[in-house]
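Q: Supplied in structure tokens, the structure appears directly below.
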Amino acid sequence: MKLPDNFRKWPTERRQAWWSKNFHDDDDERAASLTNPAALELADLMVESAVGSLGLPLGLAGGFLIDGCDYSLPLAVEEPSVIAAAAYAARIIASGGGFSTTVGPSVMEGYVYLEQVDEAGASRLAGGYEALRRSLKSTLAGLERRGGGLCGLRQYRLQDSGVLALELAIDVVDAMGANIVNSAAEALRPLAETLSGGRALLCILSNATPQRRAQAAFRLPLAKLYPYCRGLDAADVARRIVLATVVADEDPARAVTHNKGVMNGIAALAQATLNDTRAVEAAAHAWAARSGRLRSLTAYRVETDCLCGSIDLPLALATVGGSVDLHPTGRACLRLLGNPDSRQLSRLAAALGLAQNFAALLALVSGGIQGGHMRLHAARLAYKAGARGELTRRIADRLAARGEFSLRAAAEELAALRDAAAAGAGSSA
Ligand code: NAD
């Protein structure tokens, strides 16, 4: 549909009223859409043409033991199994001693792509790095005060286009760094053009962030794994987890889903802390494909009666800037985590990604995931069929008992419960 003229310039309340009147079917829907004046004011600050806020569920995945400390991780996500799976895996891994993590520097790369640069121009540019550094002084002064700043300049020629890429690496400390890196790349443009004799095509950060990585690992004795193996042999379950990861490394068709599972929790943590989820996802998937083939983000091996899991991936997670320290929910989530800096948040995210992957693999190799998923899905079917309040859970239980998870079955159960309630009311009247 075409928006009314000047829609983006309307007062927010008018846009919201227009949205609500035209697109919510009834008051029930309107109430569930969670739009209040404070949320609307924030939404209007955050995006253009805001009409409301989408209230994603925010839940806490408890039980994480990371580098010897207990954490509950805030996750904002629409998929029912994500928090349950993360907390389940966290509990199992904690029983073996928890996660250990490491993290790299918060270095982001930005680029000035220059066209029409001949070899002499490329040499002049390479000889001008000191002047280029000096030209960034004022742009990066704030970051330098915080311990960050420029950490490197280099250039390379793109073979197909002939474009010359001037790369600047910047330690952005606790920010995601998109704006500061873009500003620095643009600040370099005039001098880069003068030195090279070329013309800037693009000045832009890269979301690849191969230096800004975090790692997590765990070591789980098979005896601690056994209670979660549904009666199967723990050594065989561990062997199958290792083999499933080899399959993900070998077959991109599996790797894409394997890594999607890794990102289930990480994207939800990024969402809860109002980080840029698209940037986090793009970096992780690009890293997984760095060999030219999409591979697993995680690795497993069995060593002296222990299952050992590990993960290594780029994580440009901020604890300041953007929407992170703007949104009250993001701030509350960071408080729950003990107000971590960016690198600490990335350590937690790496552990979470590994936990999520371990939970999925454990279920997949020991009987499948659908049983658990469909039980969680049942309450949603009940809601969609029209159940509310206590009825929703009762219908979900009845669907699970029937082993039938469909909207039709949910509607039948709702009708049956309502008939029973009406008959009960009739007989007591
Ligand atoms: P930002 O522009 O808010 O800058 C960070 C701010 O935090 C700066 O003003 C800095 O001075 C301040 N700051 C305070 N304490 C700091 C500390 N300890 N470390 C570092 N900075 C500190 O945010 P940003 O991180 O530059 O950019 C993030 C935003 O840019 C996100 O909203 C993102 O979605 C958006 N963005 C992303 C892309 C992309 O990913 N390709 C492109 C453009 C914009």
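The values are calculated or read from the model by the stated rules, or taken from the named source; none is laboratory data. Bear in mind that the values here come from a model prediction, so they are computed numbers and not experimental data. Heads up, the Cβs are rebuilt from the backbone with ideal geometry, glycines too, and the neighbour counts pull from every protein chain shown.
Q: So, in region 313-347, of the ones that are more than 8 Å from the ligand (Cβ to nearest atom) and polar (S, T, N, Q), which residue ends up modelled with the lowest pLDDT?
A: The selected residue is Thr329.
Q: Tell me which residues, restricted to region 30-76, are farther than 23 Å from Pro11 by Cβ and in a helix (DSSP H, G or I).
A: Ala32
Q: Tell me, which residue of region 76-126 that is free of Cβ contacts under 8 Å to residues at least 40 places away in the same chain and touching a Gly at 6+ places or on another chain (Cβ under 7 Å) is farthest from the ligand (Cβ to nearest atom)?
A: Filtering region 76-126 for residues that are free of Cβ contacts under 8 Å to residues at least 40 places away in the same chain and touching a Gly at 6+ places or on another chain (Cβ under 7 Å), the one farthest from the ligand (Cβ to nearest atom) comes out as Arg91.
Q: If we keep just the residues of region 409-429 that are part of a helix (DSSP H, G or I) and surrounded by fewer than 10 Cβ atoms within 10 Å (Cβ to Cβ), which is modelled with the highest pLDDT?
A: Ala425
Q: Return a yes/no flag: does region 303-312 have any residue that is touching a strand residue (DSSP E or B) at 6+ places or on another chain (Cβ under 9 Å), away from the ligand (no atom under 14 Å from the Cβ), touching a residue at least 40 places away in the same chain (Cβ under 8 Å) and part of a loop (DSSP other than H, G, I, E, B).
A: Yes, because at least one residue in region 303-312 is touching a strand residue (DSSP E or B) at 6+ places or on another chain (Cβ under 9 Å), away from the ligand (no atom under 14 Å from the Cβ), touching a residue at least 40 places away in the same chain (Cβ under 8 Å) and part of a loop (DSSP other than H, G, I, E, B).
Q: Continuing with the same structure: For region 300-313, does any single residue satisfy the condition of being at positive phi and among the β-branched types (Val, Ile, Thr)? Break it down stepwise before answering.
A: Within region 300-313, the first condition is being at positive phi, and the residues that meet it are 304-305.
Cutting the leftovers down to among the β-branched types (Val, Ile, Thr) gives us 304.
Taking every residue of region 300-313 in turn, at least one turns out to be at positive phi and among the β-branched types (Val, Ile, Thr).
Q: Same structure, new question: What pairs can you find where one residue is in region 58-74 and under 17 Å from Thr102 (Cα atoms), the other is acidic (Asp, Glu), and their Cβ atoms are less than 9 Å apart, with a gap of 6+ or different chains?
A: As it stands, the answer is Phe64/Asp70, since those pairs meet every condition given.
Q: Something else: Any residue in region 138-162 that is at positive phi and in a loop (DSSP other than H, G, I, E, B) sitting within a Cβ distance under 8 Å of a residue that is near the ligand (Cβ under 10 Å from one of its atoms) and of a type outside the set (Val, Ile, Thr)? List the pairs, counting only those 6 or more apart or interchain.
A: Once the first residue is at positive phi and in a loop (DSSP other than H, G, I, E, B) and sits in region 138-162, its partners that are near the ligand (Cβ under 10 Å from one of its atoms) and of a type outside the set (Val, Ile, Thr) give Gly147/Asp171.
Q: What number goes with the only condition from (1) in the same structural domain as Lys260 (by TED's automatic domain parsing); (2) among the aliphatic types (A, V, I, L, M); (3) not in a helix (DSSP H, G or I) that Ala84 does not pass?
A: For Ala84, the exception is condition (3).
Q: Now for a separate question. What number of residues within region 375-390 are closer than 16 Å to Ala32 by Cβ, surrounded by 17 or more Cβ atoms within 10 Å (Cβ to Cβ) and either in contact with a strand residue (DSSP E or B) (Cβ under 7 Å, 6 or more places away or on another chain) or modelled with pLDDT under 90 (or both)?
A: Count: 1.
Q: For region 242-295, which positions are farther than 25 Å from Phe64 by Cα and of a type in the set (Val, Ile, Thr)?
A: Across region 242-295, the qualifying residues are Val246, Val247, Val256.
Q: Of Asn22, Asn6, which residue is loosely packed, with under 12 Cβ neighbours inside 10 Å and on the phi > 0 side of the Ramachandran plot? Break it down into steps so the answer makes sense when it comes.
A: Numbers: Asn22 fails: on the phi > 0 side of the Ramachandran plot.
Only one candidate passes the filter, namely Asn6.
Q: Limited to region 166-202, what total is found for residues that are of a type in the set (S, T, N, Q) and under 23 Å from the mean Cα position of the chain (by Cα)? Spell out how you get there, then give the answer.
A: Just the residues of region 166-202 that are of a type in the set (S, T, N, Q), to begin with: 179, 182-183, 194, 196.
Now drop any that are not under 23 Å from the mean Cα position of the chain (by Cα), which leaves 179, 182.
Total satisfying the criteria: 2.
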